[in-house]
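Q: What follows is a single structure, and I will ask about it in a moment.
The values are calculated or read from the model by the stated rules, or taken from the named source; none is laboratory data. Quantities reported herein were computed from a predicted structural model and do not represent experimental measurements. Ideal geometry is used to build each Cβ from the backbone, glycine not excepted, and the neighbour counts take in all protein chains shown. Side chains included, ligands, DNA and RNA excluded: accessible areas come from the protein's heavy atoms. Shrake-Rupley method; radii C 1.70, N 1.55, O 1.52, S 1.80 Å.
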Amino acid sequence: MARAGDDLRRTESAHEIVHISFQRLAAVAEKRPGLIAQQEIDDARSKDLVAEAQIASAKSGLAAATDQVHVNTAELQKVRTLLDYTRITAPFGGVVTKRFADTGSMIQAGTASQTQAMPVVRLSENSLLRLILPVPESAVPPFTSVSKWKCGFPTLKRGFPGRVARFSDKLSLATRTMDTEWTCRTPVWC
């Protein structure tokens, strides 16, 4: 684009000199007919027209260069967008526990509800411990009002402070229990 701009300025400068020369010859020929040969005036006029055509050509070259820059910018944006699709990010920090696709595998886009589409990986969020516990019917009313609760693990010989995140509000008639979700932000390995 800079080269096309330089060509345009050089062509305009050359045209200016040729145009001034033609105007001078035409003015002298008008004031003193026969002093300058008509062939010289015609040559100067044709050089002026050629210089004007070169300006038009340089302007179209600059326009083409500008358009090519816009095309290249759009192509670059397209490639950057496609490159963004090569990176998969999770909304949380975790560990990949199962990988369903190998490097180089063709993966279907997850844009529609396709029955054959499968996940790429399975992630585990290790900083959040989530348990779904069946709470007996007799303990449901006081249990739902408690927001903080400590869950003990006999095999680990320790307990973790957490909170009741949610409960199902529905008793299982077979076991007379209600599923309650308890969460703890303390990592299990600590």
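Q: Any residue in region 94-114 that is part of a loop (DSSP other than H, G, I, E, B), open to solvent by 90 Å² or more (accessible area, probe 1.4 Å) and under 30 Å from SER127 (Cβ atoms)?
A: Yes; the residues of region 94-114 include at least one that is part of a loop (DSSP other than H, G, I, E, B), open to solvent by 90 Å² or more (accessible area, probe 1.4 Å) and under 30 Å from SER127 (Cβ atoms).
Q: Related question: Specify the residue that is least open to solvent (accessible area, probe 1.4 Å); the eligible residues are those in region 1-41 that are part of a loop (DSSP other than H, G, I, E, B) and out of contact with any Ser or Thr (no Cβ under 8 Å at 6 or more places or on another chain).
A: The extreme case among them is ILE36.
Q: Quick check on my filter: what residues within region 57-73 are free of Cβ contacts under 8 Å to residues at least 60 places away in the same chain and open to solvent by less than 60 Å² (accessible area, probe 1.4 Å)?
A: Of everything in region 57-73, those that are free of Cβ contacts under 8 Å to residues at least 60 places away in the same chain and open to solvent by less than 60 Å² (accessible area, probe 1.4 Å) turn out to be ALA58, GLY61, ALA63.
Q: For region 30-52, which positions are among the small types (Gly, Ala, Ser) and modelled with pLDDT of 85 or more?
A: Within region 30-52, the first condition is being among the small types (Gly, Ala, Ser), and the residues that meet it are 34, 37, 44, 46, 51.
Scanning region 30-52 gives ALA44, SER46, ALA51.
Q: Within region 42-56, restricting attention to residues that are of a type outside the set (Gly, Ala, Ser) and closer than 16 Å to LEU8 by Cα, which residue is least open to solvent (accessible area, probe 1.4 Å)?
A: ASP48
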